[in-house]
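> The following block contains the structure, expressed as structure tokens.
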Amino acid sequence: MSSYSIREESGIYFLTSTIIGWVDIFSRKMYRDIVIESLKYCIDHKSLRLHAYVIMTNHMHWICSSKDGTLLNDIVRDFKKFTSKSINEAIINNNNESRKEWMLNLFSYAGRHHSDNKNYKLWQTGNHPEYIYSAEFIEQKLRYIDLNPVRAGIVEQPEQYIYSSARDYMGTKGIIEIEPLILFQHNNTGYGL
């Protein structure tokens, strides 16, 4: 058994979900929006408690837990299955997608060579779950999530990136309703990079 697995289903986890081949699929807004809508659906209908997130060009980090006794593994599995199918359909139907043939070939190849897929495989297997065990670890992971777009050179300040929960932790409403873990205040001096 991998040391990275969701063992404590009632716990809070830091997850990393990565696209097959590290394809920069989320450089397109329409594909990011599918992820956003799916996260909202999982919050409203699948007992997902989303505490923090960031969607980068080829992966996402999220801190989450479940409620009502729902298994977090099941929520994550359903999220990945739905977004995989929806994003692949969006690629197929997007006549303006310049990378369509290349991406579909890559995802189709991955799907044919993995037993849990029939057609296309968008997400890499696993989510590298890390159990959140302390306030210090929460702060470390929140900082990591917030600074991802800054380190990537997408924005200068974490709150400028709308596809993350940084705004929520800085007192401004983000695009997804999250359940903050702790009152986490960013100081005016910023983070050390």
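The values are calculated or read from the model by the stated rules, or taken from the named source; none is laboratory data. Just so it is clear, the structure is predicted and the values come from calculations on it, not from any experiment. Glycine gets a Cβ as well: all are built from the backbone with ideal geometry, and neighbour counts include every protein chain shown.
> Sort through Ile55, Ile25, Ile43 and tell me the only one that's surrounded by 19 or more Cβ atoms within 10 Å (Cβ to Cβ) and over 23 Å from Ala152 (Cβ atoms).
After ruling out the rest, the residue left standing is Ile43.
> In segment 89-106, how many are among the charged types (D, E, K, R), surrounded by 13 or more Cβ atoms within 10 Å (Cβ to Cβ) and assigned to a helix (DSSP H, G or I)?
So the answer is 1.
> Could you tell me whether Ser10 is in contact with a helix residue (DSSP H, G or I) (Cβ under 6 Å, 6 or more places away or on another chain), over 27 Å from Val150 (Cα atoms) and not aromatic (Phe, Trp, Tyr)?
Considered against the rule, which asks whether it is in contact with a helix residue (DSSP H, G or I) (Cβ under 6 Å, 6 or more places away or on another chain), over 27 Å from Val150 (Cα atoms) and not aromatic (Phe, Trp, Tyr), Ser10 comes out as no.
> Out of curiosity, is Lys67 within 14 Å of Gly11 (Cβ to Cβ) and exposed (fewer than 15 other Cβ atoms within 10 Å of the Cβ)?
yes
> Restricting to segment 30-40, and then to whatever is among the charged types (D, E, K, R) and closer than 17 Å to Ile91 by Cα, can you tell me which residue is surrounded by the most Cβ atoms within 10 Å (Cβ to Cβ)?
Arg32
> Name the single residue, out of those in segment 125-158 being over 15 Å from Trp62 (Cβ atoms) and crowded, with 18+ Cβ neighbours inside 10 Å, that is nearest to the chain's Cα centre (by Cα).
Leu147
> Got a number for residues in segment 13-22 being surrounded by fewer than 21 Cβ atoms within 10 Å (Cβ to Cβ) and under 17 Å from Gln140 (Cα atoms)?
Counting residues in segment 13-22 that are surrounded by fewer than 21 Cβ atoms within 10 Å (Cβ to Cβ) and under 17 Å from Gln140 (Cα atoms) gives 2.
> Continuing with this model, one more query. Residue under question is Pro129, and the condition is that it be in contact with a strand residue (DSSP E or B) (Cβ under 6 Å, 6 or more places away or on another chain) and closer than 18 Å to Val54 by Cα; does it hold?
Criteria met by Pro129.
> Could you please give the count of residues in segment 107-124 that are under 21 Å from the mean Cα position of the chain (by Cα) and either crowded, with 18+ Cβ neighbours inside 10 Å or outside any loop (DSSP other than H, G, I, E, B) (or both)?
Residues in segment 107-124 being under 21 Å from the mean Cα position of the chain (by Cα) and either crowded, with 18+ Cβ neighbours inside 10 Å or outside any loop (DSSP other than H, G, I, E, B) (or both): 9 in total.
Residue-wise test of (1) β-branched (Val, Ile, Thr); (2) at pLDDT 95 or above.
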position	(1), (2)
Leu48	no, yes
Met60	no, yes
Lys67	no, no
Asp74	no, no
Lys80	no, yes
Thr83	yes, yes
Ser86	no, yes
Ala90	no, yes
Asn93	no, yes
